[in-house]
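The values are calculated or read from the model by the stated rules, or taken from the named source; none is laboratory data. Keep in mind that this is a model prediction, so the values were computed, not measured. Note that each Cβ is placed from the backbone with ideal geometry, even for glycine, and that neighbours are counted across all protein chains shown. Areas reflect the complete protein model, heavy atoms only, side chains present, ligands, DNA and RNA absent. Shrake-Rupley method; radii C 1.70, N 1.55, O 1.52, S 1.80 Å.
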Amino acid sequence: MQRNERGREPLFLLVMIEKIKILELINNALDGSDKFLVNLKITPDNRIFVDIDGDNGVVIDDCIALSRAIENNLDREEEDFELNVSSAGADQPLKLTRQYRKNVGRDLEVVTFDGEKVEGTLEDASEEGIVLRTKGTKKQAPETLRFAYKDIKSARVAIKF
């Protein structure tokens with residue numbers, strides 16, 4: 001391993017090693033549950049942000065349990081950090097196939113990289129993409145549309161009040 005002039009490992013290597021360790025802790029804690037990691041972000045000032053989701057949703061106790069599992073395996077004497085564990089909120093875009101699958105039957109707002117914005121009911125989510133059924137209007141019949149994940153810029157569950 002190459003060291004800098006002070007004999008220390010470059011910062012980016014330390015962050016990468018830490019991220020791998022945290023990923024391992026998360027995977028061990030979530031293994032065997034219906035919960036899964038959506039996003040992990042570690043900032044240069046050691047703020048750790050973990051977003052999780054679950055096939056049957058996430059409650060605060062799930063976040064607390066994961067936070068404890070991570071925190072109990074990190075040494076604050078070695079490296080100070082701030083840990084934030086939260087559920088992937090309803091206002092957050094869907095990122096994983098598993099999130100799409102758990103939302104089959106719900107309305108989504110999809111924006112493509114071409115700028116097209118479509119709202120419809122998510123009928124299917126496969127490894128390749130999704131199938132949306134639009135509501136239709138007086139002028140246009142409902143349509144069944146297919147989108148590959150690579151063509152989706154963002155997709156969010158449509159919140160109706």
Completion exercise
For strands (runs of 3 or more DSSP E) lying entirely in the range 50-161, having 3 or more residues that are touching a Leu at 6+ places or on another chain (Cβ under 8 Å) picks out 107-112, 117-125, 129-134, 144-148, 152-157
Problem - Test for Val104: is it loosely packed, with under 15 Cβ neighbours inside 10 Å and within 27 Å of Val59 (Cα to Cα) - result: yes
Handout entry: Single unsatisfied condition, Lys153 versus (1) open to solvent by 40 Å² or more (accessible area, probe 1.4 Å); (2) under 18 Å from Lys102 (Cα atoms)
Key = (2)
Exercise for the section: Could you grab the pairs with beta carbons closer than 6 Å, sequence gap of 6+ or different chains, first residue in the range 30-56 and touching a residue at least 24 places away in the same chain (Cβ under 8 Å), second one loosely packed, with under 11 Cβ neighbours inside 10 Å? Expected result: Arg47/Glu82
Handout entry: Residue in the range 76-87 that is among the charged types (D, E, K, R), out of contact with any Ser or Thr (no Cβ under 8 Å at 6 or more places or on another chain), loosely packed, with under 15 Cβ neighbours inside 10 Å and within 30 Å of Arg146 (Cβ to Cβ) present
Key = no
